[in-house]
């Protein structure tokens, strides 16, 4: 603590402590990378030595050449961007609509009580089961997939955000009331800002949820996207294509999660 | 001291309702507060002290009787009353300046003038260089001071203090009660302090109202007259009469554990 603000030279013990922490951090990162590299190397080696059948397990070098050929055909970016696009729309819509519904339910205690059993049932229902209904109603296309992603994240957002609203310290609301605040002011000045951490954690959950919704949606209806590639690859027994798609998918999902984490840091700068 | 009555409770009773039944919180309470007076209210815990403040603040309406502030019946929160809660409740996402401006913001009165006034208050009471700091960078005492400035910013004539020091450690508490009472007297405010700490009440107040157990009625009202050199709480605690008041009130509270 004190070293942060003072110009005192760091003591020997403290320097030792810092270097120990740093070394530990480095070791963790090194081990993480080592595991990944070892896994890839073993996979490749096992495939080359015919210890495993690369036809059904694929192998790293084949994945790379699949990525190359997809890229040369000019379809790689198309598939990736369609899936990412559907996911982003799905989770942004899910988060926004969910927050709006949560605000309505916060506003009217009566509405919240009425809605409660419906929310419980809808929350426990696996939304994937609604897939065929969505296709019939909306038609097989990107819109159906976005609806799928939206449905998967909507209910859980409503419940999480509403809980966040309810947990705002009642004394903070009382404080505003002593200043004569009305309900809109209470919402804007304390309930929403105090719930931003909850909303962001809902966003984090929704990113994952939307990936599930989009991939399932693409399994069911699509003619493009990573989910489509996975299903297609499975049907024609091109495991290289399946593995490649899963690999790209995991990178895209991780990047999107990192983006949300970055947003969180940016918005919650007061939370140290 | 003039004798203009600013707060007047007339036969006020209050009952809370729940499915399990009704709970009488306070029963037939009447007292008057003069302008510039500092009133301490002590009573056993859970006896309805906070209810009295909530009634004066206009957060709740009495079941029977009436509450008058400046001669007018209280209908809702008013600009002449400021309320200070047990915890500082500074908003973590606002810096100290933004926190201090909260009340003015709610009332739509933020302008260059009022901002300058709040800045001056922060500077006067030692928070000038912490304007841009966030609450978690401040000590407990500083946070409580910031909360007081947030209340003073709306320029209330009457201050309601609901155990404002109970979240602080003992030393900070003594210093803060000293500071707060100095600030309140300097700014010429009328104040009602609810506390369970008898010494705190005697050391700060001109009159101490002793309440009974729930449903609270007034047991006694003590005029506090201390022969201390200064009027600040810490030197008032040294006055020879201090202990007599303490013992009298202690007996009246009749605490059993």
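The values are calculated or read from the model by the stated rules, or taken from the named source; none is laboratory data. All figures in this text were calculated on a predicted structure; none of them were measured in a lab. So basically every Cβ, Gly included, is an ideal-geometry build from the backbone, and we count neighbours across all protein chains shown.
Restricted to strands (runs of 3 or more DSSP E) entirely inside the range B:38-134, those with at least 3 residues that are away from chain A (no Cβ under 14 Å) are B:38-42, B:64-69. Does residue B:48 satisfy the condition of being buried (at least 23 other Cβ atoms within 10 Å of the Cβ), within 23 Å of residue B:198 (Cα to Cα) and modelled with pLDDT under 90? When the stated conditions are applied, residue B:48 passes them. Does the range A:34-52 include one or more residues that are closer than 30 Å to residue A:145 by Cβ and either in contact with a helix residue (DSSP H, G or I) (Cβ under 7 Å, 6 or more places away or on another chain) or surrounded by fewer than 17 Cβ atoms within 10 Å (Cβ to Cβ) (or both)? Looking through the range A:34-52, none of the residues is closer than 30 Å to residue A:145 by Cβ and either in contact with a helix residue (DSSP H, G or I) (Cβ under 7 Å, 6 or more places away or on another chain) or surrounded by fewer than 17 Cβ atoms within 10 Å (Cβ to Cβ) (or both).
The residues of the range B:135-148 that are buried (at least 19 other Cβ atoms within 10 Å of the Cβ) and within 14 Å of chain A (Cβ to nearest Cβ), listed by number, are B:135, B:143, B:144, B:146, B:147, B:148. Of the residues making up the range B:200-223, those that are crowded, with 19+ Cβ neighbours inside 10 Å and free of Cβ contacts under 8 Å to residues at least 60 places away in the same chain are B:203, B:222.
Taking residue B:173, is it surrounded by 17 or more Cβ atoms within 10 Å (Cβ to Cβ), at pLDDT 90 or above and assigned to a helix (DSSP H, G or I)? So residue B:173 fails the test.
Which one of these is modelled with pLDDT of 90 or more, crowded, with 18+ Cβ neighbours inside 10 Å, under 27 Å from residue B:160 (Cα atoms) and within 11 Å of chain B (Cβ to nearest Cβ): A:172, A:188? Show your work before the answer.
On the way: A:188 fails: crowded, with 18+ Cβ neighbours inside 10 Å.
Every option except A:172 fails the conditions.
Given the criteria crowded, with 18+ Cβ neighbours inside 10 Å, modelled with pLDDT of 90 or more and facing chain B (nearest Cβ under 7 Å), does residue A:162 qualify? The answer is no for residue A:162.
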